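So the structure is just underneath, and the comments pick up after that.
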Amino acid sequence: MKTLLVGNFGSGNIGDELILSQALESYPEGVVMTVSKEFSQKFCGKELETIPFPPTGLRSGLNYLFFSAYRKELGSVTGKIDKVVFPGGGLFSIKFRACLLWFLVFLWVRKLNCRIEFLHQGVDENLGFFSRILTKFVLSRVDQITVRDKKSAIAVQNICGKDVENRKDRVNEELRMKNEELKEKRVLINARSKFSLERLDERFADYKKIFVAFDEQDKKFGSDLDIIYPQTRKEVLELFEKAEYAIGERLHFLILGEMFCCPDKTFVLKKPYAEKVQSFCSKNGIEEL
């Protein structure tokens, strides 16, 4: 019997792949539900046993109806799974679409009739009416919940009445690597929206500036810089090991900055775009540039 790992894997988001790579340290023989087996395997640097996501929309629903190979691949784990673990991430975010997607995924994994754990989760406080109903349905029926920040713990308590353990993000809690001898005069920059490069040029004139895309969509915002969209865990860690400063927007970029560059050399590029970023920055003393 094996553990099924479920999350936003294979979609090209580096933070989510870091969560997966860390989860595989705890569940080395885990089966991974991923959008792209090739992307997740390349990032984690190992052969993975995977299954696709269940149908959650019109296209995947039609695929399920008309393609037996999809049904067979999805059903390959039936009777082989004794635990389902959602190892981290902000699955139940403010967007209704996200809550609906994970609600539908949860309905499918319930059919496996096994223990279900939601670990290191980020849950937004200001969910809409229908998002709140879906989230309450899911969280009130899982066997274990842990969250990654105080706000998420309060949100879960308010939504479903459960008191949950407040732990760190899985990457922040489990990944601890730092070697000061490797440091170079580098500034890593990440953005998910337009920003001005002038203030960075003034403050870090003598530093090499590297734009690190944590999602493929980020690349369009770093056009005036050297752009790296890391494809493996090793590449991500080597970037941060050598950097002296980290300035960005996405949560896991800031988590790695805090870990490898330390809080006083990590900055949020602009006002945090989400509760999870605001909570992390407040807790760790990370200021806006």
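Across segment 65-77, computed HN-Hα scalar couplings (Karplus, 6.51 cos²θ - 1.76 cosθ + 1.60, θ = phi - 60°) run 6, 10, 10, 5, 5, 5, 5, 5, 5, 5, x, 5, 9 Hz from first to last residue, x flagging Gly and Pro. For the chain, the longest principal axis of the alpha carbon atoms and the long axis of helix 251-260 meet at an angle near 50°.
Between Leu58 and Ile133, full extension at 0.36 nm per residue minus the direct alpha carbon distance yields a gain of 24.8 nm.
Between Arg199, Arg250, Arg186, the GNM of the chain built on Cα springs shorter than 10 angstrom shows Arg199 fluctuating the most. Only helical runs count toward this figure. For the chain, summing -39,500 (n - 2.57) over DSSP H runs of n ≥ 4 and dividing by all residues gives -11500 deg cm²/dmol at 222 nm. Residues within the reach of a label modelled at Glu174 (point 7 angstrom out along Cα to beta-carbon, backbone nitrogen below 20 Å), restricted to segment 41-59, are 41-51.
Rg/Rh for segment 2-173: what does it come to with C-alpha atoms and Rh from Kirkwood? Don't skip to the answer; put the middle values down first.
Numbers: Rg = 15.4 Å, Rh = 16.3 Å.
Ratio of gyration radius to Kirkwood radius for segment 2-173: 0.95.
If R₀ is 30 angstrom, what is the calculated FRET efficiency for the pair Cys114 and Gln231, using the beta carbon separation as r and rounding to 0.05? Efficiency, from the Cβ-Cβ distance: 0.35.
Amide H contacts of Ile51: Val32, Met33, Thr34, each under 5 Å away and 5 or more positions distant or on a separate chain (H built 1.01 Å from N in the peptide plane; Pro and chain starts excluded). Distance from the C-alpha centroid of segment 64-124 to that of segment 142-213: 25 Å, rounded to the whole angstrom. Across every pair of non-identical alpha carbons in segment 144-289, the mean reciprocal distance, once inverted, gives a Kirkwood radius of 16.0 Å.
Taking Cα pairs under 8 Å and at least six residues apart, what relative contact order does the chain come out at, in percent? Numbers along the way, then the final one.
Working: 546 pairs, mean separation 42.9, N = 289.
Across the chain, relative contact order equals 15 percent.
If you take all C-alpha pairs in the chain, what percent of them are over 32 Å apart? Here the long-distance tail beyond 32 Å is 27 percent of all Cα pairs in the chain. Structure remark: mean-square fluctuation, Gaussian network model of the chain, C-alpha springs under 10 Å; the largest value among Glu258, Glu244, Glu202 belongs to Glu202.
Just rank Leu251, Leu139, Leu104, fewest to most, by other beta-carbon atoms within 10 angstrom. Each step should come with its number before you reach the end.
Values: Leu251 26, Leu139 21, Leu104 16.
Final ranking by Cβ density, sparse to dense: Leu104, Leu139, Leu251.
No value in this document is a laboratory result; all are computed from the given coordinates. Owing to the predicted nature of the structure, the values given are computational and were not obtained by experimental measurement. Using ideal geometry, Cβ is built from the backbone for each residue, glycine included, and neighbour counts are taken over all protein chains shown.
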